[in-house]
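The values are calculated or read from the model by the stated rules, or taken from the named source; none is laboratory data. If you're wondering where the values come from, they're calculated on a predicted model, not measured in any experiment. Using ideal geometry, Cβ is built from the backbone for each residue, glycine included, and neighbour counts are taken over all protein chains shown. Protein only, heavy atoms only, side chains kept; ligands, DNA and RNA dropped before computing areas. Shrake-Rupley method; radii C 1.70, N 1.55, O 1.52, S 1.80 Å.
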Amino acid sequence: MNINPDAFFTGPRRALFDVSFTGYFGWAGLQLRELRKGFAEVAFRPREEMLTPWDTLNGAVINGLMEHPSFLALLTELQDGEMTVTNDVFVQHLRPLPGKAEYVLRASVIRRGKLIGWTSVETYIDGTLSSRAQITKSIVQDKTGAA
């Protein structure tokens, strides 16, 4: 299992990797589990603020968090100066989302074209598939200098 981001990212892309664990994704407590070309796995345990009154995880939380491993998987295939912008997210929740569980999110790059990248993200609870997403991202030239 490779979790060394230095194997993939230097300079501007390393900065994008590092900043991806701040803000909402940092607050959510996402932890990198595995990273390799075209693949990323992160995990988290829900915070109390993420739960419904019935102690289940709000589905919108997973909808948003699936973006993170999708970005990381595609980032392993980008060049310096390239950035992604999400075009489309299609999510299916296949079973209830318990509040007291560890969630593992696994993303794979389906295809990386010149201007578009397609990823698939699956969420597992105790080894059982609970949600899945297909995410389409445009690959653009970064004009800010961040990438």
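Starting at the first residue of segment 104-116, write each ³J(HN,Hα) from the Karplus equation 6.51 cos²θ - 1.76 cosθ + 1.60 with θ = phi - 60°, in whole Hz, x for Gly and Pro.
Running phi through 6.51 cos²θ - 1.76 cosθ + 1.60 with θ = phi - 60° gives 10, 10, 10, 10, 10, 7, 7, 7, 10, x, 5, 10, 9 Hz.
Using each residue's phi in segment 124-132, evaluate 6.51 cos²θ - 1.76 cosθ + 1.60 at θ = phi - 60° and report the 3J(HN,Hα) Karplus result to the nearest Hz, with x for Gly and Pro.
10, 10, 6, x, 9, 4, 10, 8, 8
Hey, quick one: spin label on residue 33, modelled 7 Å out along Cα-Cβ, who in segment 89-130 has an amide N within reach, i.e. under 11 Å?
102-107, 122-129
Charges on Cβ only, +1 for Lys and Arg, -1 for Asp and Glu, centred on the Cα centroid of segment 15-147; of 91, 110, 43, which one is farthest towards the dipole's positive end?
Going by the Cα projections, it comes out as 110.
Hey, which lysines would be in cross-link range of residue 37, C-alpha to C-alpha under 23 Å, not counting anything within fewer than 8 residues on its own chain?
Once the sequence-local lysines are set aside, what remains near residue 37 is 114, 137.
GNM, the chain, Cα, under 10 Å: largest mean-square fluctuation among 44, 17, 90?
Maximum fluctuation in the GNM of the chain, among the listed residues, is at 90.
Name the longest site-free stretch of the chain, where the excluded sites are trypsin sites (Lys or Arg not before Pro) in a DSSP loop with no more than 13 other beta-carbon atoms within 10 Å.
Working: sites that count: 37, 47, 100, 114, 143.
Here the longest run is 48-99.
Need one word for the chain: rounded, prolate or oblate. Basis is the Cα gyration tensor (sqrt eigenvalues a ≥ b ≥ c); a/c below 1.5 gives rounded, then a/b vs b/c decides.
Details: a/c = 1.90, a/b = 1.69, b/c = 1.12.
Cα axes put the chain in the prolate bin.
For the chain, give the percent of accessible area contributed by carbon and sulfur heavy atoms, probe 1.4 Å, rounded to a whole number. Spell out each step's value before the answer.
Working: 3930 of 7430 Å².
C and S atoms contribute 53 percent here.
Measuring with a 1.4 Å probe in the full set of protein chains, what accessible area per residue, in whole Å², belongs to segment 35-87?
On the way: 2230 Å² over 53 residues.
Accessible area per residue, segment 35-87: 42 Å².
Compute, for the chain, the length of the dipole vector about the Cα centre, with Cβ point charges of +1 (Lys, Arg) and -1 (Asp, Glu) only. Units Debye, rounded to 20.
That gives the chain a dipole magnitude of about 340 debye.
What percent does the relative contact order of the chain come to when contacts are Cα pairs within less than 8 Å and at least six residues apart? Provide the component values of the computation, followed by the final result.
Working: 297 pairs, mean separation 36.7, N = 147.
With pairs under 8 Å counted, the relative contact order is 25 percent.
Based on alpha-carbon centroids, what's the gap between segment 2-46 and segment 82-119 in Å, whole number please?
Each part reduced to its Cα centre gives a spacing of 14 Å.
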